[in-house]
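First the structure, in the form of structure tokens, and then the observations on it.
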Amino acid sequence: MIQPADFRPAWWLPGPHAQTLWPVLCRRRPRLSLRRERLELPDGDFLDLDWTVGARGPIVLVLHGLEGSSDSHYALGLLVAIARRGWRGAVMHFRGCGGEPNRLARSYCAGDTADIAYVVDWLHQREPAAPLAAVGYSLGGNALLKWLGETDADPPLRAAVAVSVPFLLDACARRLGRGLSRLYQFHLLRELRRSYRDKFQHRLDGPISLDQLTALRDFYAFDDRVTAPLHGYAGAHDYYARASCRPYLRRIRVPTLILHALDDPFMSPDAIPEAAELSASVRLEPSPHGGHVGFVDGRWPWRAGYWLERRIPAFLTERWPSDSP
């Protein structure tokens, strides 16, 4: 089902770039105490989960975007909204994103679903009676939707939400190479190169030398030389084709909400799936405006509102059992 979102953008944030950048640059960061838990993985690596504290309600697993963390503005905002409802939030840091390089040469990518499956099963095994949902942003949303669509067994999730998803990775890479969107590409590539240097400055098992990093000036080059070989793909084209979530949407069985802005500067509108590509369990709510993980409303800058932090909990509330907080 495709149903227009009820988001109304702030009049004082015209355009996709203002919507995208305001929460990053201008929002006062919420204060929230988090508890870290390290999860050892079967392959000898580890993941870090940052939990909200002081609640015993349902669990919301949060999956961040490229080079994100529990300190990302969207993650902090959602965690605060979760805590206010008496629920528990846990940000799953993808490998190497918790502030410490992971142990193995591989890290994470948009098609890496095995860690999500492992964490969801681990949470369910530890607390089988707790209602469980997952929310993914950008790259994390792509990985979440792909996992939901490729999983044969029913996942132990009551609901899922994906925000500002790069449905087709090749289209996303092309879009980020045009116009003002190149500023986002520049910033993200700088972070990816920094993470690569931090990890491989004293190791010899990286796919390229540190000196070769400066030549990787767009996402295609980085994914072709680094992401693909580290994660078992033949190259960037193979990675983009096999890791994109759009082909998996028709197989999703968990009640899922997808929130996306048509003016997202990371994506072209023609990459958004059509109704025939969605399963009966998926609700897509497109909005003409909102930018990339923006969706800022409110009458005045000093009273800005963050629509995602209302819409996501409202959808999850519909899916929790009636006796949940």
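Derivation of every value follows stated rules applied to the coordinates shown; laboratory data play no part. Fair warning: this is a prediction, and the values are worked out from it, not measured in the lab. Cβ sites come from the backbone with ideal geometry, for glycine too, and all protein chains shown count toward neighbours.
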## Note on the structure
Subtracting the Cα-Cα distance of A153 and F186 from 0.36 nm times their residue separation yields 7.9 nm
### Task
Could you size up the charge dipole of the chain around its Cα centre, putting +1 on the beta carbon of Lys and Arg and -1 on that of Asp and Glu, and report it in debye to the nearest 20?
1000
### Query
By how many nm would the segment from Y118 to A276 grow when fully extended, if each residue of separation counts as 0.36 nm and the alpha-carbon distance is taken off?
53.8 nm
## Note on the structure
the chain: antiparallel bridges as % of DSSP beta bridges, rounded to 5, reads 30
#### Entry: DSSP-loop chymotrypsin sites (Phe, Trp or Tyr not before Pro) across the stretch 7-78, with at most 13 other Cβ within 10 angstrom
W11, W12
### Summary
If H187, H289 are placed from fewest to most neighbouring beta carbons inside 10 Å, the sequence is H187, H289
#### Entry: Ranking of V53, V226 by count of other Cβ atoms within 10 Å, fewest first
V53, V226
### Query
Among C97, W51, S279, whose Cα sits farthest toward the positive end of the charge dipole of the chain (+1 at Cβ of Lys/Arg, -1 at Cβ of Asp/Glu, about the Cα centre)?
W51
#### Entry: Whole-Å distance, taken between Cα centres, linking the stretch 215-240 and the stretch 290-304
34
### Query
Restricting attention to the alpha-carbon atoms of the chain, what are Rg (one decimal) and Dmax (integer), both in Å?
18.7, 58
### Task
Order by neighbour count: H73, H260, fewest other Cβ atoms within 10 Å first, most last.
H73, H260
### Task
Can you tell me the dipole magnitude for the stretch 168-243 around its Cα centre, using point charges on the Cβ only (Lys, Arg +1; Asp, Glu -1), in Debye to the nearest 20?
280
#### Entry: Length-normalised contact order for the chain - Cα pairs under 8 Å, 6+ apart - percent
25
## Note on the structure
So, for the Cα atoms of the stretch 105-146, Rg and Dmax in Å stand at 11.5, 36
### Query
Considering the dipole of the chain built from charges on the beta carbon (Lys and Arg +1, Asp and Glu -1) around the Cα centre, which of F200, A160, W302 is farthest to its positive end?
W302
### Message
In Å, what Kirkwood hydrodynamic radius results for the stretch 168-243 from the alpha-carbon pair distances?
### Response
12.8
### Summary
Checking the stretch 266-306 for trypsin sites (Lys or Arg not before Pro) in a loop per DSSP with at most 11 other beta-carbon atoms within 10 Å yields R299
#### Entry: Options G232, A261, C109, ranked by Cα towards positive dipole end of the chain, top entry (Cβ charges)
A261
### Summary
Ranked by GNM mean-square fluctuation in the chain (Cα springs under 10 Å), the top entry among S33, S69, S268 is S33
